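The values are calculated or read from the model by the stated rules, or taken from the named source; none is laboratory data. As the structure is a computational prediction, the values presented were derived from the model and not from experiment. Counting neighbours? That spans all protein chains shown, and the Cβs are built from the backbone with ideal geometry, glycine included. In case anyone asks, the SASA skips ligands and DNA or RNA and just uses the protein heavy atoms, side chains included. Shrake-Rupley method; radii C 1.70, N 1.55, O 1.52, S 1.80 Å.
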Amino acid sequence: YGAPGVEFMGLHEENNTVVQIHFIPDQCQLVTLLDDNSLHLWSLKQHSGASELREEHRFMLKGPPGSPPSATQITAVLPHSSREVLYLGTESGNIFVVELPSFRVLEDRSITSEAVLQRVPEDSCNRRSCELVEALREHPKNPEQILIGYSRGLIVLWDLQNNKVTHHFLGSQQLENLYWQRDGSKFISCHYDGSYTQWPVSSDNRQPEPLENIVPYGQLAGSPPSIPGFSPLLSHHLLTPCLQHPAETVGEDYQCWEQAERSLLKYVGLGDMLNQPLCILLPRLVPSTLTVMILDLGSRRSTCQNLSSSSQVLVMELNDEDAEHVVDHAEADLLQDQEGYRWKGHEKLKTRDGPVRFEAGFQPFVLVQCQPPAVVTSLALHSEWKLVAFGTSHGFGLFDHQQKRLVFVKCTLHPSDQLALEGPLSRVKSLKKSLRQSFRRIRRSRVSSRKRRGGGGNATEVREANAKFDQDTLQEMELAPVQRKIEARSAEDSFTGFVRTLYFADTFLRDSSRHCPSLWAGTNGGTVYAFSLHVPPAERRMDEPVRAEQAKEIQLMHRAPVVSILVLDGRSTPLPEPLEVAHDLSKSPDMQGSHQLLVISEEQFKVFTLPKVSSKMKLKLTALEGCRVRKATVANFGSCKTDDYCENDLAVLTNLGDIQIISLPFLKLQTRYPCIRKEDVSGIASCVFTKYGQGFYLISPSEFERFSLSTKWLVEPRCIVD
């Protein structure tokens, strides 16, 4: 069954679906069947100290001239234990035999449907009974016998040496698959309706033995049905259970599977190819979907937000034992009773009174509810200062989770941001309304332009004017990212107060002689807020409150959404994460030289000096490509040849799905890689980077792709099969 982390990958030249995979016994070879009816032979070959999966041969089964495609459409594949031939069942009911590894068809050894019908009593079947071979299974004790299962329920045991049927069995349901018991005395047939039947192989009894027939779906969470000689493994697709032999194989633990299905968050280790789960979080406190998690294993603290419209922030602590306690509750009013603002959405969720029992793992100990109860859009946790910052479409706030006290809130709404107060349903209506208004303006413009032109003029001038108008209209409308003009935005745009990013930094904010803790926030309207923080020393941390004061406010001229904020120290190195220096995971930052502030918007990168906040340099993204920044993070790239060299660069994902590497602090484009299809919006939205240049993105709701931008941290498994 292999071992954890051992894997090999082969890529077909054809862009077709892989339908079946079969191992050639004891040969380090396998055969694949594609949906274009082609067969491919693969071998494991050693090369440069590792085994590689290489394609050796490919083959297309062809029938006589003029025969229909169904005559050779492969439906079942059986690699024989002799390792010399493959048996290929087809839609027509015929079984072809091909030689390995040449894929030469051995016509004299074919098993035709007519030959099978001649050896089965007429009262047991008709001509259609031998259409479409569904399964082929070699007898586990006698390689000269194979079990042939046809789609309509007929099953025959065929003697290869004497070319005859030794036993036949009639099922009443459409056949799906066949499985032998190890000693060859019985086999089981699986059927389309979810039933399975056990058949004894003897000369005097060809009737099915009493057995569970249909497995009710309600039994899936209970005890698995017992079958002598088989251990059932529950199929997560809720269809017929897969059957695994031998009997010593341990069946799946149903309770564990049930919990895994409920799991909302799973942490995986990234140290090697295994992606081993570190812990699973099963939050039951909040009836909403958790989407963003900040985890600090050093401090055993984590913070999460929900993306349902209930605006809640949970701070959790890692506990090795079950515990029962009251979850403290705090409320943050982001509107601060400002006049002219009134929330029109739903009310906040009610909290549970009294103590709550939690299983071992991450256990919530404080809950912060924002008012209005809109989506939490950004989150930042500083485990060393015991602070958590949160942002919504209305503003942002800072919470002291050690004293369990709200430090401050800041409303970021612009007077034009009434749409942010409507609630989610009203926003959809407003979007439809704005689209209707846009098309009405286009129609009115067409009519007025025709009136101005009047009836005169030749047809060519009219066509040219219409073409110019269509071109101007398309440039104004944002039909697709690649057609977008990058230009300054109006302060009147909706959702300018939407908080996109939050960042903690210990830097020079007021003067160049003293550094202090600070909190930075970036909004959808291109505004950056900076607050200086006073965090009491450890000996007075519980006695004195954390204080905050706004120190800076920067407005980007183009007003593009701020995606990320970063402070570089005196060596132009990004500031370390909380507790990294204390745990010897990072060098202490240079607090002697001047610091720099890097603000990343959707459309440009800009470096400011600190503490004066004067512009130093910038890099604009290409306007012609309509490129926008979606994700940006600092990645440490080490040399694959020496441990003495490494550099920090920006890893940037754009809306076109490509990844750009940009140098720090000079903002020079180093290289660009195509990574995700630009049409894959969910993949781009889900992409995350690690600090050493690896990344993940979802390729389906239950699968992720892992990639590496660093030559030192490869994600390619190098394994050897003797």
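Some points to look at:
- Those strands (runs of 3 or more DSSP E) of the range 356-420 in which 1 or more residues are at pLDDT 90 or above and of a type outside the set (Lys, Arg) occupy 361-371, 376-382, 387-392, 395-400, 405-411.
For (1) assigned to a helix (DSSP H, G or I); (2) farther than 30 Å from residue 643 by Cα, each residue gets a yes or a no:
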site	(1), (2)
673	no, no
678	no, yes
684	yes, yes
696	no, no
706	no, no
714	no, no
718	no, no
722	no, yes
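- Remark: residue 538 matches the filter, which requires a residue to be closer than 15 Å to residue 382 by Cβ and surrounded by fewer than 21 Cβ atoms within 10 Å (Cβ to Cβ).
- Residue identified as within 42 Å of the chain's Cα centre (by Cα) and farther than 28 Å from residue 26 by Cβ among 129, 92, 81: 92
- Matching residues, the range 485-513, being of a type in the set (Lys, Arg) and modelled with pLDDT of 90 or more: 500
- The lone criterion from (1) open to solvent by less than 50 Å² (accessible area, probe 1.4 Å); (2) modelled with pLDDT of 90 or more; (3) not charged (D, E, K, R) left unmet by residue 171 is number (2).
- When the residues of the range 639-667 are filtered to those that are without any contact (Cβ under 8 Å) to a residue 12 or more places away in the chain and not acidic (Asp, Glu), the one that is least open to solvent (accessible area, probe 1.4 Å) is 642.
- Boolean, residue 549 is surrounded by fewer than 20 Cβ atoms within 10 Å (Cβ to Cβ), at pLDDT below 95 and either among the acidic types (Asp, Glu) or part of a strand (DSSP E or B) (or both): no
- Scanning the range 291-328 for residues that are open to solvent by 60 Å² or more (accessible area, probe 1.4 Å), at pLDDT below 90 and farther than 17 Å from residue 378 by Cβ yields a total of 4.
- Considering the range 561-621, the qualifying strands (runs of 3 or more DSSP E), each wholly inside and each with 2 or more residues that are open to solvent by less than 20 Å² (accessible area, probe 1.4 Å), run over 562-568, 596-601, 604-609.
- Exactly one residue among 59, 23, 8 is in contact with a Cys (Cβ under 9 Å, 6 or more places away or on another chain) and either in contact (Cβ under 8 Å) with a residue 12 or more places away in the chain or of a type in the set (S, T, N, Q) (or both), and that residue is 8.
- Residue list for the range 668-682, filter: surrounded by 15 or more Cβ atoms within 10 Å (Cβ to Cβ) and out of contact with any Leu (no Cβ under 6 Å at 6 or more places or on another chain): 675, 676, 680
- For the range 22-48, a tally of residues being open to solvent by 60 Å² or more (accessible area, probe 1.4 Å) and more than 19 Å from residue 82 (Cα to Cα) returns 5.
- Of the residues 636, 648, the single one that is farther than 19 Å from residue 619 by Cβ and assigned to a strand (DSSP E or B) is 636.
- Taken over the range 110-132, the criterion of being in contact with a Ser or Thr (Cβ under 6 Å, 6 or more places away or on another chain) and modelled with pLDDT under 90 is satisfied by 130 alone.
- Selection count where residues are assigned to a strand (DSSP E or B) and within 18 Å of residue 144 (Cβ to Cβ), scope the range 100-114: 1
- Considered as a group, the residues in the range 368-419 that are hydroxyl-bearing (Ser, Thr, Tyr) and under 29 Å from residue 318 (Cβ atoms) include one that is most open to solvent (accessible area, probe 1.4 Å), and that residue is 377.
Every residue, every condition in (1) more than 31 Å from the chain's Cα centre (by Cα); (2) assigned by the TED database to the domain that holds residue 715; (3) over 22 Å from residue 137 (Cβ atoms); (4) at pLDDT 85 or above, yes or no:
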position: 6; (1), (2), (3), (4): no, no, yes, no
position: 12; (1), (2), (3), (4): no, no, yes, yes
position: 24; (1), (2), (3), (4): yes, no, no, yes
position: 34; (1), (2), (3), (4): no, no, yes, yes
position: 42; (1), (2), (3), (4): no, no, yes, yes
position: 45; (1), (2), (3), (4): yes, no, yes, yes
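- Some residue of the range 645-656 being of a type in the set (Gly, Ala, Ser), modelled with pLDDT of 90 or more, in contact with a strand residue (DSSP E or B) (Cβ under 9 Å, 6 or more places away or on another chain) and more than 17 Å from residue 573 (Cα to Cα): no
- The range 511-526, residues that are surrounded by fewer than 21 Cβ atoms within 10 Å (Cβ to Cβ) and either assigned to a strand (DSSP E or B) or of a type in the set (Asp, Glu) (or both): 511, 516, 517
- Any hit, the range 699-716, residues being without any contact (Cβ under 8 Å) to a residue 12 or more places away in the chain and touching an Asp or Glu at 6+ places or on another chain (Cβ under 8 Å): no
- Scanning the range 104-149 for residues being within 29 Å of residue 42 (Cβ to Cβ) and surrounded by 18 or more Cβ atoms within 10 Å (Cβ to Cβ) gives a total of 14.
- Pairs meeting the criteria (first residue in the range 337-364 and charged (D, E, K, R), second residue modelled with pLDDT of 80 or more and open to solvent by 100 Å² or more (accessible area, probe 1.4 Å), beta carbons under 8 Å, at least 6 apart or on different chains) are 357/324.
- Criterion (under 25 Å from residue 129 (Cβ atoms), open to solvent by less than 40 Å² (accessible area, probe 1.4 Å) and either at pLDDT 90 or above or not assigned by the TED database to the domain that holds residue 146 (or both)) met by exactly one of 19, 85, 97: 97
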